[in-house]
Amino acid sequence: QVQLVESGGGLVQAGGSLRLSCAASGRTFSTYTMTWFRQAPGNEREFVATISSLGFRTIHDDSVKGRFTISRDNAKNTAYLQMNNLKPEDTAVYYCAATSLKFGNRAPSSYDAWGQGTQVTVSS
C-alpha cells in the first residue's frame, strides 16, 4: 500500500499562494487516483480536487475552481495542489489520499491511504 506525506502548508495572507506536495512511497504510484481533501475545525472532511492515475483527467470542486490546480509527476511519485488567490475560508488541514478505485470518487470513505495532513491558514 502506498504511504503519503504532505508538505507545503503554512500561514499566508488572503490573495496569496501556496503549493502543497504529496510524496508517495512505493513503485505503484502511477496506478492510483490521487485526491486532495480538507477539513476545517468542526467541519467534515471535504473534497477539493482529484486527478487520474496518469494525470489526464482532473476534477476541482466548485469552491476552488479557477484558483486551485491539482497535478502530479509520476516520475517523482508526487502529487501537487497549487493554490492561488487564497481566501480565509480556505483555512483547513489539507490531506492527500490515494485510491485504486475508479476515478472521480469524492467520498473520503473510498480512500484507503492518507497522509498526515498539512495546515493551511489564510489571514484576512
- [ ] Filter the strands (runs of 3 or more DSSP E) completely within the stretch 1-90 down to those with at least 2 residues that are closer than 18 Å to Thr118 by Cα and within 13 Å of the chain's Cα centre (by Cα).
- [x] 4-7, 18-24, 33-39, 46-51, 68-73, 78-83
Task: Unique residue being modelled with pLDDT under 95 and farther than 13 Å from Val120 by Cβ when the list is Thr28, Thr78, Thr33, Thr69 - done: Thr28
- [ ] Within the stretch 46-66, count every residue that is more than 22 Å from Ser17 (Cα to Cα) and open to solvent by 70 Å² or more (accessible area, probe 1.4 Å).
- [x] 3
Open item on the list: Cβ-Cβ distance below 6 Å, separation of 6 or more or different chains: which pairs start in the stretch 86-114 with a residue that is closer than 23 Å to Asn74 by Cβ and end on one that is polar (S, T, N, Q) and crowded, with 16+ Cβ neighbours inside 10 Å?
Closed with: Tyr94/Thr118; Ala97/Thr35; Thr99/Thr33; Phe103/Thr33; Phe103/Ser52; Ser110/Thr99; Tyr111/Thr99
Task: Subset tally (residues that are farther than 21 Å from Ser17 by Cβ and either charged (D, E, K, R) or without any contact (Cβ under 8 Å) to a residue 40 or more places away in the chain (or both)) for the stretch 30-42 - done: 2
Open item on the list: If I filter the stretch 91-101 down to residues being touching a helix residue (DSSP H, G or I) at 6+ places or on another chain (Cβ under 9 Å) and not in a strand (DSSP E or B), which single residue comes out as nearest to Cys22 (Cα to Cα)?
Closed with: Ser100
Task: Set Ser71, Ser123: member being among the hydroxyl-bearing types (Ser, Thr, Tyr) and more than 22 Å from Val2 (Cβ to Cβ) - done: Ser123
TODO: Answer with yes or no whether Gly55 is of a type in the set (Gly, Ala, Ser) and in contact (Cβ under 8 Å) with a residue 24 or more places away in the chain.
DONE: no
Task: Lone unmet requirement of (1) surrounded by fewer than 18 Cβ atoms within 10 Å (Cβ to Cβ); (2) within 24 Å of Ser124 (Cβ to Cβ); (3) at pLDDT 95 or above for Pro41 - done: (3)
Task: Complete set of residues in the stretch 78-106 that are within 16 Å of Val12 (Cβ to Cβ) and open to solvent by 10 Å² or more (accessible area, probe 1.4 Å) - done: Gln82, Asn84, Asn85, Lys87, Pro88, Glu89, Thr91, Val93
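The values are calculated or read from the model by the stated rules, or taken from the named source; none is laboratory data. A quick note: this is a predicted structure, and the numbers were derived from the prediction, not measured. With ideal geometry, Cβ positions are generated from the backbone for all residues, glycine too; neighbour counts draw on all protein chains shown. Keep in mind that these areas ignore ligands, DNA and RNA; they rest on the heavy atoms of the full protein, side chains included. Shrake-Rupley method; radii C 1.70, N 1.55, O 1.52, S 1.80 Å.
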